[in-house]
């Protein structure tokens, strides 16, 4: 019995556990990892709370914070609104875009600088590319209007939709032909 006690005392004695200590070399102790993660999360939450704890903010500060939160949603919803208007009333949209095409380049640059400063990390090249794409889109408007008119003329319920300039095709479509199967079916129906 003494030998077994000495072996267990060597492995587990003195508050030590050689098996656990050896296993922790290869695998992290889950309980200790959880404690460390909880401490990190608690410190992060305390830091966030300290950032947003402002002593006695005045009405002007709250107003300015509210105004600073408006441009992003207004730009996002405004852009979505432009897409909706472009689909609903293309002529109205195209006339407004023609007005935008007349804005001089320095004014676009100023607008680009303001937006770049406000939102950060924007470059002037993006705004110039945007203006170029608007001009290209506006150049396609007459083609789109013409194509839309052509498509409307092809509707099945449009007058003269089946008109063709070839008289032979018209005659073949309008002159009844002898169809024995159809004649037999009509005879059986009557």
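Would you mind getting me the FRET efficiency between residue 74 and residue 50? Use the beta-carbon distance for r and R0 = 41 Å, nearest 0.05. Here the calculated transfer efficiency is 0.85. In plain terms, the chain from residue 179 to residue 133 could stretch by 10.7 nm, reckoned as 0.36 nm per residue minus the Cα-Cα distance. Were the residues from residue 146 through residue 7 laid out at 0.36 nm apart, the gain over their Cα-Cα distance would be 40.5 nm. To the nearest 0.05, how large is the calculated FRET efficiency for residue 188 and residue 153 if R₀ is 45 Å and r is the Cβ-Cβ distance? Efficiency, rounded to the nearest 0.05: 0.65.
Here the extension length gained between residue 114 and residue 19 equals 27.7 nm, from 0.36 nm per residue of separation less the Cα-Cα distance.
Each reported figure results from applying straightforward, stated rules to the coordinates on display, with no laboratory input. Note that the structure is predicted; figures quoted are calculated from it, not measured. Quick reminder, even Gly has a Cβ in these numbers, built from the backbone with ideal geometry, and neighbours come from all protein chains shown.
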